[in-house]
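Taking it in order: structure first as structure tokens, then the write-up.
The values are calculated or read from the model by the stated rules, or taken from the named source; none is laboratory data. Just so you know, these numbers come straight off a predicted model, no measurement behind them. All Cβ positions, glycine included, derive from the backbone under ideal geometry; neighbour counts span all protein chains shown. Keep in mind that these areas ignore ligands, DNA and RNA; they rest on the heavy atoms of the full protein, side chains included. Shrake-Rupley method; radii C 1.70, N 1.55, O 1.52, S 1.80 Å.
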Amino acid sequence: MIFSASMFASLAPYIVSALLLFLLLEQLSYLIKKRNLPGPLFVPPLIGNAVALVRDPTSFWYKQSKTAGNSPGLSANYLVGRFILYIRDTELSHQVFSNVRPDAFHLVGHPFGKKLFGDHNLIYMFGEDHKSVRRQLAPNFTPKALSTYTALQQLVILRHLRRWDKTRPVVLRNLVRELNLETSQTVFVGPYLDKEARDRFRKDYNLFNLGSMALPVDLPGFAFGEARRAVARLAETLAVCAGKSKARMAAGEEPTCLIDFWMQAFVAEVNAGNPPPPHSGDEEIGGFLFDFLFAAQDASTSSLLWAVALLDSEPEVLRRVREEVVRIWPHESDALITVEQLAEMKYTRSVAREVVRFRPPATMVPHVAAEDFPLTESYTVPRGTIVFPSVYDSSFQGFTEPDRFDPDRFSETRREDQVFKRNFLAFGWGPHQCVGQRYALNHLVLFIAMFSSLLDFERVRSDGCDEIVYCPTISPKDGCTVFLSRRVAAYPDLSLN
């Protein structure tokens, strides 16, 4: 059938009417779900307020928090066809974290995470499947394993600190990101990535980073689509590493990285005559390793940057850190920091914990409501809602003078990490609490100890340099620009260990 201009003209009123009806129903659906919660009364059609989010995430989430207020502690909005709920109140956040199950909330890690991260992903698992994989991960974080990682972490940190010793100001954001990417590659799959694979890995991870902050358009040439394909390639590379590690551990060699400790336990199970554990195929393990990479890479980059920024602004804290480190670890000995020495650095560890509290890297942990869920006596979260419990807001509730950077709150005397345990949510809560939090804190403590004792540094301050920006975890607006110079007569020669 050939449509003439006159036929199109006659259909135009119906098309316009249908479009207007759709837009009206969209607005009504949003208002019905919103009910009496604070939030915009009108949202832009189809995309909602996604443009405002992508253009300035910091302002967008600040407004959501301010709108939620202390009561009711909730606010509503609309993003790309999805109703969203921001949770400011700590106890309401616990309602979400404690009810991650098939008929309540599903952790998604990103507003469009399942599409971005792929199918083989630990954060989307529940019940016995999730417990089984968590049990398989236990050998990765034993004292022996963590001791192996601390040695690798220090070698990478020192290698990068040497490169940073410049005569001109440097922007630390990209430098720290490179440090953490090499650390993750070395600790997780060390000997199984050659230089070419590491270079490809770096490029693909940068594509993922860019796409995670873009509109979810899954087409060639769009950042989100490129990111999804990059994740698939990264998981495939990591799956190959898992296969190589299985073969090496089956040959009876000693573990040298995280995947080795994991596969050593796998091989022991199989050699004992037991069937392979569920979800232990190379492809699935590759997906789980990408989970680790994502969690370790961007969160650690955020924490290391804020550690430098906060130490620069708190000279007394910096003095105490340096005093403790030099007493416990004389760098002139050319020796690695041992796990025993790391445990002795109690004040430095308190500084690390306060950095994580004061500037939690992942400020929110998105979940999706699988079913209607009664969150309060007066409000039920509609099915399909993306819920954003705010870890950041919880960090400023309960604690003594929460707006003050005060590492002593984590001292053995005050123990605010226990007194206000429910407010310290940087590593999550409930069944999906971060399995690698000891590794992450060790990395931050090692960095603070080595950076502060081996380098002198001075922040290049500018207007708004300490404002928060999302990339995708939070960092200082200026990327933490500093002057750096060697503080010691000579860097330690850790290669002698």
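Structural remarks
- Region 20-49 residues that are at negative phi, paired with ones that are part of a helix (DSSP H, G or I) and open to solvent by less than 100 Å² (accessible area, probe 1.4 Å) (beta carbon under 6 Å, 6 or more apart): Pro38/Thr67; Val43/Tyr30; Pro45/Leu23
- Inside region 448-473, residues that are closer than 25 Å to Met345 by Cβ, in a strand (DSSP E or B) and either in contact with a Pro (Cβ under 6 Å, 6 or more places away or on another chain) or not charged (D, E, K, R) (or both) make up a count of 2.
- Cβ pairs under 9 Å, 6+ apart, first in region 129-148 and farther than 20 Å from Ser280 by Cα and modelled with pLDDT of 95 or more, second of a type in the set (Val, Ile, Thr) and part of a helix (DSSP H, G or I): Leu146/Val339; Ser147/Val339; Thr148/Val187
- The set of residues in region 273-296 that are among the small types (Gly, Ala, Ser) and surrounded by fewer than 20 Cβ atoms within 10 Å (Cβ to Cβ) comprises Gly273, Gly281.
- Considered as a group, the residues in region 380-394 that are of a type in the set (Ser, Thr, Tyr) and touching a Leu at 6+ places or on another chain (Cβ under 7 Å) include one that is surrounded by the fewest Cβ atoms within 10 Å (Cβ to Cβ), and that residue is Thr385.
- Residues of region 442-487 satisfying the condition of being within 30 Å of Asn99 (Cβ to Cβ) and open to solvent by 10 Å² or more (accessible area, probe 1.4 Å): Ile468, Tyr470, Pro472, Thr473
- Those helices (runs of 4 or more DSSP H) lying entirely in region 274-360 with at least 3 residues in contact (Cβ under 8 Å) with a residue 60 or more places away in the chain and of a type in the set (A, V, I, L, M): 282-313, 315-328, 346-358
- Qualifying position, being of a type in the set (D, E, K, R), under 22 Å from the mean Cα position of the chain (by Cα) and open to solvent by 20 Å² or more (accessible area, probe 1.4 Å), among Arg415, Arg359: Arg359
- Taking region 244-258 as the range and being surrounded by 12 or more Cβ atoms within 10 Å (Cβ to Cβ) and acidic (Asp, Glu) as the test, only Glu253 passes.
- Tally of residues being farther than 12 Å from Lys346 by Cβ and open to solvent by less than 90 Å² (accessible area, probe 1.4 Å) across region 402-412: 4
- Residue list for region 81-112, filter: in a loop (DSSP other than H, G, I, E, B), more than 25 Å from Ile47 (Cβ to Cβ) and either open to solvent by less than 10 Å² (accessible area, probe 1.4 Å) or touching a Pro at 6+ places or on another chain (Cβ under 6 Å) (or both): Ala104
- Restricting Ser212, Ser245 to those that are touching a residue at least 12 places away in the same chain (Cβ under 8 Å) and more than 23 Å from Asp298 (Cα to Cα) reduces the list to Ser245.
- Filter result (among the hydrophobic types (A, V, I, L, M, F, W, C) and either within 18 Å of the chain's Cα centre (by Cα) or at pLDDT 85 or above (or both)) within region 187-220: Val187, Phe188, Val189, Leu193, Ala197, Phe201, Leu207, Phe208, Leu210, Met213, Ala214
- Set side by side, the residues Val445, Val488, Val435 differ, and just one is β-branched (Val, Ile, Thr) and outside any loop (DSSP other than H, G, I, E, B), which is Val445.
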